[in-house]
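The next block holds one structure in the form of structure tokens; read it before the comments.
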Amino acid sequence: MNTITFTIERFDPDTDPASHTESYTVEINEGARVLDALHAVREQCDPTLAYRYCCGSGQCGSCSVRVDNEPVLACMHEAHDEMAVAPLNLPVEHDLMVEMESYLQDLAGITPGIFSGYLTMDANEAIRPIRDCIECLACVSECPAIAVADFAGPAAMRQEMRIALDPRDDRDRAALTVDEGLFTCTTCQRCLEVCPKHIAIPGKAIEKLREIAHREGLTLPRHQAVADMVRSSGRTVDRIMGTVLEQVAEVIEPVGEVRGEVGFFVGCMYNSRLPETAMKMLAVLRRNGIRVIIPPEQVCCGSPLIRTGQTDYLPSLQRTNIECFTSRGIDTVLTMCAGCGSTLKNDYDTPYRVIDINELIAEYGIEPPVSSSVPMTYHDPCHLKRGQGITEEPRALLRMLTDDFREMPARCCGAGGGVRSGLPDVAANLGRDRREEIAKTGAAACVTSCPFCEFHIAEHSDVPVINITTLLFEAYEKMDEESGVDPGWKDLPCRIINPKTAE
Amino acid sequence: MVNIMPGYHVTDCHVLVIGSGGAGCRAALEASQYGETMLLSRTLTGKGGCTVMAEGGYNAVLAEGDSTGLHFEDTMRGGAYLNNPDLVETLVSESPDRFRDLAAWGSVFDMEGDCVPAQRPFGGQRFNRTCYAGDRSGHEMIATLTEQIRNTKIRQVQETSAIDLLMDGHRVAGAITLDRDGNLGVVTADATILATGGGTRCYDISTNCAAGTGDGFALGYRAGATLIDMEMVQFHPTGAVYPPDSRGRLITEAVRGEGGVLKNNLGERFMERYDPERMELSTRDVVSRSITTEILEGRGTEHGGVYLDVTHLPAEEIERRLPIMLEQFLQFGVDIRVQPMEVAPTAHHLMGGLKITPDAATTLPGLFACGEVTGGIHGANRLGGNALADTQVFGKRAGEFAGKTPAATLTVDVDEILSTEAARCEAYCNGTTAPHVIARELKQTMWDNAGIFRTAEELNEAEVTISRLQNLVPKAVHRRMLNECCTVTNMLTVARLIIHGALLRKESRGAHVRSDIVQNWTPEDSPFGHTVQSIFGTSIEEKGEKA
């Protein structure tokens, strides 16, 4: 037997004005689950503790709770000392029990009788990956879009897609889901992260429903405009300033010894809206011995099209973006845009390795920068944290750059999934939530590593939002100022547009 | 002082279905075609019961070469010929249609070709007859059924227990209910269906969900219904043995169906000694006894089990066909793709229960029953895959015949009945012993003394313990605990019924093994029929007579 002490968030609707946290010390067996620890509390401390459970084997979806702020199934998650158990982020009925009935009741079923045979292999294979839902509502409780928009939520969208794929139902699910808020989802992937059955709701349900909506002409006008732009120019944004690809040479040799070589996939946002940020990153690599090759014919990765269901033009983009690197014999391609990185890693079948700038810095190591005393917080870009599983590398870097790093909860800023362009009000609501969280930390700057987050949070934040490599660039500048030595790392070689016309 | 004054209310419906597992959901869907139907769940609809956690599959004669005659014979032989042949006939002949109903409602079972359901081999069957959705077959069924229920006007009353049947003379006229806050209520109905599932939570080591406490057996018994073969407790051969709190968790028969082999600590495939022909896919009673014998004779594993090994199968096959097993074991630090599982028998299914006709009618007017709470379908040992089929075949029949019951007028004074129930609740508030303390001792004595191998001496010892526990009054320190007190009272009733049945049956047959009795007959020519128990008396049928 082991003794553990942990807390439970309690609320009795008959007596408590608000929830409160209680601490309990109980004896539990080796390998006990959270549910066993709750049973122990009821038997050893307080028999009135209220919580749901039934099957005890991860199949009925009754017992989801939050442990240390992450939703888990209490019957499957191992209990540990000092854990904090709380109800899901849904209306609390009593202690750990939340209101589930009304949501479950609204989940759709197929209309029987239209076609009643068995499924074909293809239909079966298509439905399978989104069929395992146990309706635990962890996804619903964590979805940022539900909190600020009229959105039926991930579990309902998954169910709608499951029905859309079923030949035994012939209702128009896409039109229905557009009304249920299909376009409010930012594809932040929080639902996938917390799903005990690992159902890829954004990729396998939301984006697929948007594809159907697109075929039915239900795409939002602003999303359509972006797709038109990509078709005509290869880019999601128009040219309002000199781009990275126009200004910088195709090959950037580092100062000093060459320690590595990568191709660079610039991405529309850094290329055309934040070129300064990209060029500062390139300077940082130049200082640190990395040779960078930048094929000028690269185009948009297609992420905005995939996220909004407009995938018909995607194969042509993919071909161009693969060939421009392989034709130069590049085996590693660097991204600094979290969205492009996630897309190249998850939606492409690339013959080269894709590496995010934060991974690259962690892998190759860098000249240690000077640290500042400015309090800073870090915003996890969804496409970096959940799209690529990168969370520790930027934190390690940031701890080199400030002595006062302050954490805040990771949550979508609202910029993703086409929501910022398609439904700006929804995106703004999520952006304001970020402002509040940043303010709570008391940080003087918010650091991040995604152009969409940088742009969007900056609109709502009271403190500056800085790209992590820009911060590194500035630290090196400061070091040079103090030492009075500048080895010329900031002067990127310029691109010669066309030697013949230049003559 | 706890306030137990009930803020009760009375509601009426045509058909009341108690229990929202596979049988209850199917019954409610059928009954709703005949009139207003209420589905009472002690959990959230579809989240309770054992169907949702059933892994292996659903037996149905679908393929060419198979026949309902073969399915009938396999079921009778597997059940040691204690099955009621009429019920078996109904099961095997209607199971395929009920499977097609599920398909029409949107179920996504595995296919082996376009529109051809895949079927896997299961123990004790001569044909690959078990339809499946990976190893989440029951979940697939419940998902399908709850989706359909949401499409209907069925009234779902959730997180509310039935604590007694409402009696109007000899007729069952609904139920007394207790919601999760401890408020009493009454539901009146023209017909009532018990679909409360099984009760092997009465054993220390069990596969059942938390709701598998056998309340329906106790409710029916108290109301005067006849129960048969309550001693027939199926011990599933393969339950988890480690860590301690996970003991008993079901390791699906599909693991063996897909080719898993059993080995002792010497690496021997010991089933060669017990059933060389069928090996790991022998019937569950045989495999459970074989495993127990290996462990008792010192050839078990570190944690008191034997090895169940699928490491010889390709990893991708395990990932596709046994995803839940893989995931569950990973959560406990075992990768079944490269490491063997440790398993031991676990109490799984009650074959006995309320006596029913093929129309799902019990011996009480107005009361129907379906699913695991009934007896007679599976005889002395149930074949894997027959339980899910049972829920659909008899769920449909219970719903249909309850639905066809004519409207009845209530002649009983509901207030009087409620005051009796309120007094019972009051007594729990003044009780002596925490319900979990009673439950723990009950489970231990049942595991130790009414388990896989039984003797009169041990059964009597269990009875003494149960009697002592029945003299304690479970204590509710808050009215929200009244449900738990009712449940532990019901568990004691079920335990007593199992023990009495086991004492009555002086033979070894199927899952019931009396190691203190020497017999010279095979199951086929046994002189005994069903054990029969009701509040009016107990007996065992002998050849040539009917109880």
Among A:Thr343, A:Thr377, the single one that is among the polar types (S, T, N, Q) and free of Cβ contacts under 8 Å to residues at least 60 places away in the same chain is A:Thr343
Can you name every residue in segment B:209-244 that is within 14 Å of chain A (Cβ to nearest Cβ), more than 30 Å from B:Pro340 (Cβ to Cβ) and out of contact with any helix residue (DSSP H, G or I) (no Cβ under 7 Å at 6 or more places or on another chain)?
B:Ala211
Pick from segment B:471-513, criterion surrounded by fewer than 24 Cβ atoms within 10 Å (Cβ to Cβ), in a loop (DSSP other than H, G, I, E, B) and of a type outside the set (Lys, Arg), ranking: nearest to the chain's Cα centre (by Cα):
B:Ser508
Residues of segment A:193-211 being part of a helix (DSSP H, G or I) and closer than 13 Å to A:Met157 by Cα, which ones?
A:Ile201, A:Pro202, A:Gly203, A:Lys204, A:Ala205, A:Ile206, A:Glu207, A:Lys208, A:Leu209, A:Arg210
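So if I check each of B:Arg201, B:Arg256, which one is assigned to a helix (DSSP H, G or I), closer than 24 Å to B:Thr283 by Cβ and either of a type in the set (Gly, Ala, Ser) or within 12 Å of chain A (Cβ to nearest Cβ) (or both)?
On the way: B:Arg256 fails: either of a type in the set (Gly, Ala, Ser) or within 12 Å of chain A (Cβ to nearest Cβ) (or both).
Of the residues listed, the single one that is assigned to a helix (DSSP H, G or I), closer than 24 Å to B:Thr283 by Cβ and either of a type in the set (Gly, Ala, Ser) or within 12 Å of chain A (Cβ to nearest Cβ) (or both) is B:Arg201.
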Pick out the one residue from B:Phe122, B:Phe109 that is touching an Asp or Glu at 6+ places or on another chain (Cβ under 8 Å) and within 12 Å of chain A (Cβ to nearest Cβ).
B:Phe109
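Residues checked against (1) touching a strand residue (DSSP E or B) at 6+ places or on another chain (Cβ under 8 Å); (2) at pLDDT 95 or above; (3) in the same structural domain as B:Ala27 (by TED's automatic domain parsing); (4) not hydroxyl-bearing (Ser, Thr, Tyr):
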{"residue": "B:Val61", "(1), (2), (3), (4)": "no, yes, yes, yes"}
{"residue": "B:Leu70", "(1), (2), (3), (4)": "no, yes, yes, yes"}
{"residue": "B:Tyr81", "(1), (2), (3), (4)": "no, yes, yes, no"}
{"residue": "B:Leu87", "(1), (2), (3), (4)": "no, yes, yes, yes"}
{"residue": "B:Thr90", "(1), (2), (3), (4)": "no, yes, yes, no"}
{"residue": "B:Ser93", "(1), (2), (3), (4)": "no, yes, yes, no"}
{"residue": "B:Gly123", "(1), (2), (3), (4)": "no, no, yes, yes"}
{"residue": "B:Tyr132", "(1), (2), (3), (4)": "yes, yes, yes, no"}
{"residue": "B:Leu145", "(1), (2), (3), (4)": "no, yes, yes, yes"}
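Let's see how each residue does on (1) touching an Asp or Glu at 6+ places or on another chain (Cβ under 6 Å); (2) farther than 27 Å from A:Arg287 by Cα; (3) at pLDDT 95 or above:
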residue	(1), (2), (3)
A:Glu437	no, yes, yes
A:Ala444	no, yes, yes
A:Pro464	no, no, yes
A:Leu471	no, no, yes
A:Lys478	no, no, yes
A:Lys490	no, no, no
A:Cys494	no, no, no
Can you spot a residue in segment A:27-34 that is closer than 26 Å to B:Cys50 by Cβ and surrounded by fewer than 21 Cβ atoms within 10 Å (Cβ to Cβ)?
yes
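Do we find a residue being closer than 22 Å to B:Asp74 by Cα, in contact (Cβ under 8 Å) with a residue 12 or more places away in the chain, more than 14 Å from every other protein chain (Cβ to nearest Cβ) and assigned to a helix (DSSP H, G or I) anywhere in segment B:266-274?
Filtering segment B:266-274 for residues closer than 22 Å to B:Asp74 by Cα gives B:271-272, B:274.
Retained after the next criterion (residues that are in contact (Cβ under 8 Å) with a residue 12 or more places away in the chain): B:271, B:274.
Of the ones still in play, those that are also more than 14 Å from every other protein chain (Cβ to nearest Cβ) are B:271, B:274.
Remaining after also requiring assigned to a helix (DSSP H, G or I): B:271, B:274.
Yes, segment B:266-274 contains a residue that is closer than 22 Å to B:Asp74 by Cα, in contact (Cβ under 8 Å) with a residue 12 or more places away in the chain, more than 14 Å from every other protein chain (Cβ to nearest Cβ) and assigned to a helix (DSSP H, G or I).
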Using the structure shown, decide if B:Ile163 is surrounded by 22 or more Cβ atoms within 10 Å (Cβ to Cβ) and facing chain A (nearest Cβ under 10 Å).
no
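Taking segment B:125-136 as the search range and keeping residues that are more than 14 Å from chain A (Cβ to nearest Cβ) and in contact with a Lys or Arg (Cβ under 7 Å, 6 or more places away or on another chain), which one is surrounded by the fewest Cβ atoms within 10 Å (Cβ to Cβ)? First the steps, then the outcome.
Filtering segment B:125-136 for residues more than 14 Å from chain A (Cβ to nearest Cβ) gives B:125-130.
Within this subset, residues satisfying the condition of being in contact with a Lys or Arg (Cβ under 7 Å, 6 or more places away or on another chain) are B:128, B:130.
Numbers: B:Asn128: 16, B:Thr130: 27.
Selected residue: B:Asn128.
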Sole exception among (1) surrounded by fewer than 21 Cβ atoms within 10 Å (Cβ to Cβ); (2) within 9 Å of chain A (Cβ to nearest Cβ); (3) touching a residue at least 24 places away in the same chain (Cβ under 8 Å); (4) not small (Gly, Ala, Ser) for B:Asn151, by number
(3)
Meets criteria (assigned to a loop (DSSP other than H, G, I, E, B), in contact (Cβ under 8 Å) with a residue 24 or more places away in the chain and within 14 Å of chain B (Cβ to nearest Cβ)) for A:Arg162:
no
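Quick check on this structure: which one of B:Thr146, B:Thr192 is within 14 Å of another protein chain (Cβ to nearest Cβ), within 29 Å of A:Met100 (Cβ to Cβ), buried (at least 19 other Cβ atoms within 10 Å of the Cβ) and under 21 Å from the mean Cα position of the chain (by Cα)? First the steps, then the outcome.
Details: B:Thr192 fails: within 14 Å of another protein chain (Cβ to nearest Cβ).
Exactly one of B:Thr146, B:Thr192 is within 14 Å of another protein chain (Cβ to nearest Cβ), within 29 Å of A:Met100 (Cβ to Cβ), buried (at least 19 other Cβ atoms within 10 Å of the Cβ) and under 21 Å from the mean Cα position of the chain (by Cα), namely B:Thr146.
Matching residues to (1) of a type in the set (A, V, I, L, M, F, W, C); (2) in contact with a Pro (Cβ under 9 Å, 6 or more places away or on another chain); (3) assigned by TED's automatic domain parsing to the domain that holds A:Arg411:
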position: A:Arg33; (1), (2), (3): no, yes, no
position: A:Gln44; (1), (2), (3): no, no, no
position: A:Thr48; (1), (2), (3): no, no, no
position: A:Cys55; (1), (2), (3): yes, no, no
position: A:Met76; (1), (2), (3): yes, yes, no
position: A:Asp81; (1), (2), (3): no, no, no
position: A:Val85; (1), (2), (3): yes, no, no
Here the residues within segment A:126-146 that are within 9 Å of chain B (Cβ to nearest Cβ) and either in contact with a Leu (Cβ under 7 Å, 6 or more places away or on another chain) or under 30 Å from A:Pro424 (Cβ atoms) (or both) are A:Ile127, A:Glu135
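Check A:Cys446, A:Cys453, A:Cys494 and return the single one that is touching a residue at least 60 places away in the same chain (Cβ under 8 Å), loosely packed, with under 15 Cβ neighbours inside 10 Å and not assigned by TED's automatic domain parsing to the domain that holds A:Glu70. Don't jump to the end; show me each part of the working.
Working: A:Cys446 fails: loosely packed, with under 15 Cβ neighbours inside 10 Å; A:Cys453 fails: loosely packed, with under 15 Cβ neighbours inside 10 Å.
Step by step, each of A:Cys446, A:Cys453, A:Cys494 is checked, and only A:Cys494 is touching a residue at least 60 places away in the same chain (Cβ under 8 Å), loosely packed, with under 15 Cβ neighbours inside 10 Å and not assigned by TED's automatic domain parsing to the domain that holds A:Glu70.
For segment A:14-38, give me each residue that is in contact (Cβ under 8 Å) with a residue 40 or more places away in the chain and facing chain B (nearest Cβ under 9 Å).
Let us first name the residues in segment A:14-38 that are in contact (Cβ under 8 Å) with a residue 40 or more places away in the chain, namely A:19, A:21, A:28, A:31-38.
Once the filter is applied, which keeps residues that are in contact (Cβ under 8 Å) with a residue 40 or more places away in the chain and facing chain B (nearest Cβ under 9 Å), segment A:14-38 yields A:Ile28, A:Gly31, A:Ala32, A:Arg33, A:Leu35, A:Asp36.
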Considering only segment B:339-347, I want to know if a residue exists there that is surrounded by fewer than 24 Cβ atoms within 10 Å (Cβ to Cβ), over 30 Å from B:Ala80 (Cβ atoms) and under 24 Å from the mean Cα position of the chain (by Cα).
no
For segment A:39-106, give me every one of the strands (runs of 3 or more DSSP E) that falls completely inside it and has 2 or more residues that are within 13 Å of chain B (Cβ to nearest Cβ).
A:70-73, A:92-94
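Look at segment A:107-125 and say how many of its residues are within 34 Å of the chain's Cα centre (by Cα) and more than 7 Å from chain B (Cβ to nearest Cβ). Talk me through it step by step, then tell me what you get.
Filtering segment A:107-125 for residues within 34 Å of the chain's Cα centre (by Cα) gives A:107-110, A:121-125.
Restricting the remaining residues to those that are more than 7 Å from chain B (Cβ to nearest Cβ) gives A:108, A:122-123, A:125.
Matching residues across segment A:107-125 total 4.
Quick one: which of B:Asp97, B:Asp74, B:Asp114, B:Asp66 is assigned by TED's automatic domain parsing to the domain that holds B:Glu147, at pLDDT 95 or above and surrounded by fewer than 17 Cβ atoms within 10 Å (Cβ to Cβ)? Lay out the reasoning, then the answer.
On the way: B:Asp74 fails: surrounded by fewer than 17 Cβ atoms within 10 Å (Cβ to Cβ); B:Asp114 fails: at pLDDT 95 or above; B:Asp66 fails: surrounded by fewer than 17 Cβ atoms within 10 Å (Cβ to Cβ).
That would be B:Asp97, the only listed residue that is assigned by TED's automatic domain parsing to the domain that holds B:Glu147, at pLDDT 95 or above and surrounded by fewer than 17 Cβ atoms within 10 Å (Cβ to Cβ).
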Quick one: in segment A:107-146, of everything that is hydrophobic (A, V, I, L, M, F, W, C), in contact (Cβ under 8 Å) with a residue 40 or more places away in the chain and part of a helix (DSSP H, G or I), which residue is nearest to A:Pro47 (Cα to Cα)?
A:Ala138
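The values are calculated or read from the model by the stated rules, or taken from the named source; none is laboratory data. Not measured: the values here are computed from a predicted model. Don't worry about glycine lacking a Cβ; one is built from the backbone with ideal geometry, like all the others, and counts go over all protein chains shown.
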